[in-house]
Structure formats: structure tokens, C-alpha cells
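These notes concern the structure reproduced below.
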Amino acid sequence: MANDSRPLSPHLQIYRWQITMTLSILHRVTGFGLGLGALLVTWWLMAAAQGEERFNTFQAFAHSPIGKLMIFGWVWSFVFHFLNGIRHLVWDTGRGFTIKQAANSAWFVLILSVVGALVIWCAARGGV
Amino acid sequence: MTEEKKSAYTHTQPTIRTPLGAARGLGSAKEGAHHWWMQRVSAIALVPLSLYWLSYLPHLTSSNYADFLGWIGAPATAIVAILFVIASFYHAALGIQVIIEDYIISEGLKIATLLLNKFTFFALAAACIFSIAYISFTHGHMTP
């Protein structure tokens, strides 16, 4: 399949940093992270089905410092991927494509994702 | 690229192959818009399915075993949870497929990783759905 005579497209290192490319990269990174989060969700639900002892083992992990850090990262990733996903769905309708609109929506999504993750984290503190 | 496809693609020789015929089998995914479309379909489904959990955060994160079982096993919660697992794990499998297609160049390793990706998410989804159903049939309250 490889054909060495075909041109290579320039990669990341030649471009000036832009907020839009940051969100594009973050969308993929958070999406991959959320995919790994499927393992956590599966562990959690299976533990609940397997009995109180397994459920408590999961809860102990969820309340440990590393567990909290992972779950907070996962909550932020979810909120970010959710909001940026809606930004992508709006683009799919052909709207919001000017450079100014794309940059503004990027900052909006980024800031709202941090605020949203903190609000959800605090609202759930009764449990976690 | 095979010689036959190359000549059809560049139109250097007379051919009766259509441009569509020449394009088939090319591209990283070897297929058309189905993947792209299903990614959107699952994304749209996930908007309401994700928002559903916001009003139930204290239940969702409850450390009390009996309370958690009663809540997740209740019919409405269990059904939304199963739908969420199907839509989100399918969406994840589609998304990670693109990452694999983008970064893994070796054809053999790519196919192996694509299969592993699909099998893993289907297995995880089966485990989640079975767990939710098991809890629901053994511990679920009939409300809400």
C-alpha cells in the first residue's frame, strides 16, 4: 500500500497555535479518555450486581485520592466532549464556520466545560 | 494501490469503470458515509440520555448499596441506563475506530486493533446491560 512518491501533508509543528486546533485535539483526547472510562462504568455496574462487598470495593476506589482525580477528569472530559459535540453538530448544519464564530464558540465551550464540571462535582458531593 | 485502481483513478487509460467504482475500497475506512452518519445518530441520542442523569446525581453517586440498587433497578432508570450504555459504547467504538485508522499504518495490526476495539466495546456493553437487568430483576423497586 505504501507509496513513497506521494506528498506528505504538513503536520502540527508548522502551525501557529490556535484555540480551534486546541479544542479539536481535546475532542479526540477526551473521547479516547471517555472510551477508557467505559471500563470504569462496567466495573461499577458489575460490582453492584455482584454484591455489597464488590460494590464497597468500587466505592473505596472512587473515594480514594487517585479515584477522585480520575473521576473528576472523566466528569470534565464528559462535559467537554458533550458541549464540543454539540458544537460539531451545529457545524454539521453548516452554521458557525467563520473564524470569529469558531474561535468564540471554542472559548465558550472550554470555559463552560470547566464551570459545568465543577458544578456537577459539587452537586454530587453528597455521594462522592 | 493496485495498478488497476490507479489507472482508473487517474484516467490515463480508457476505462469503463465509473469514478465511484474507482473510489470504492479506497480511503482509510474502506467504506462510505455510514460510519460518519451513525456517529451523529449516536451523538444526538446521547444528548437527552446524558442530560437525564443530571437531576439524579445524588442517586447516581450514592454510596448506600441498597439505595443505589433500588434506584438503578427501577424500570425508568434501568431502561435509560441500558439505552445510555448502548448509545455511548457504540459511539465510543466508532470514535476509537477513527483514531486507530488514523494512527496505525500497518494493515495487519490495524485490522487486529479494529477487531479488538469492536469486540471490547460489545463485551463491555453486554456486561453493563446484563448487570443492570440482573439488579433490576433481583433488587429493583417498582418506582419511579
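About the Cα centre, and with charges only on the beta carbon of Lys, Arg (+1) and Asp, Glu (-1), how big is the dipole of chain B? Nearest 20 debye, please. Let's see the in-between values first.
Values: 8 positive and 7 negative charges, 70 e Å.
The calculated dipole for chain B is roughly 340 debye.
Can you classify the range B:38-141 as rounded, prolate or oblate using the Cα gyration tensor, where a ≥ b ≥ c are the square roots of its eigenvalues, rounded means a/c under 1.5, and otherwise it's prolate if a/b beats b/c and oblate if not?
Note, shape of the range B:38-141 comes out prolate.
Other chains near A:34-47: what is the mean number of their Cβ atoms within 10 Å of each residue's Cβ?
Details: counts 5, 12, 2, 2, 12, 2, 0, 10, 9, 3, 4, 12, 6, 2.
Taking the mean over all residues of the peptide, I get 6.
Pairs of Lys residues in the protein assembly as shown, spaced 8 or more positions apart or belonging to different chains, with C-alpha separations under 30 angstrom: 9 in total.
Based on alpha-carbon centroids, what's the gap between the range B:49-86 and the range A:20-63 in Å, whole number please? Value for the Cα centre distance between the two parts: 15 Å.
Can you give the percent of C-alpha pairs in the protein assembly as shown whose distance is more than 24 Å? Write down the numbers at each step before the final one.
Working: 21766 of 36856 pairs.
Counting pairs separated by more than 24 Å, the tail of P(r) holds 59 percent.
Per residue of peptide B:62-71, the mean number of Cβ atoms on other chains within 10 Å of the residue Cβ is 4. The coefficient of translational diffusion for chain A, derived via Stokes-Einstein from the alpha carbon Kirkwood radius under 25 °C and 0.890 mPa s, stands at 141 µm²/s. Among the residues of B:123-136, the average count of other protein chain beta-carbon atoms within 10 Å of the residue beta-carbon is 4.
Starting from the Cα of A:Val90, step 7 Å along the direction of its Cβ; do the same at B:Asn64; then give the gap between the two resulting points in nm. Rounded to a tenth, the inter-label distance reads 4.1 nm. At R0 = 51 Å, how high is the FRET efficiency between B:Thr18 and A:Thr20 if r is their beta carbon distance? Nearest 0.05 is fine. Efficiency, rounded to the nearest 0.05: 0.85. Decide, for the range B:81-127, between rounded, prolate and oblate: order the square roots of the alpha carbon gyration tensor eigenvalues as a ≥ b ≥ c, take rounded if a/c falls under 1.5, and otherwise choose prolate if a/b is larger than b/c, else oblate. Oblate shape, in that a/c is at least 1.5 and b/c is the bigger or equal ratio. Coupling constants for the range A:108-115 follow from the phi torsions by the Karplus curve (6.51 cos²θ - 1.76 cosθ + 1.60, θ = phi - 60°), and in residue order they are 4, 5, 4, 5, 5, 5, 5, 4 Hz; glycine and proline get x.
Any read-out appearing in this document is the output of simple, stated calculations on the displayed coordinates, not a laboratory observation. Everything quoted here is computed from the prediction, not taken from an experiment. Here the Cβ is made from the backbone with ideal geometry for all residues, glycine too, and neighbour counts use every protein chain on show.
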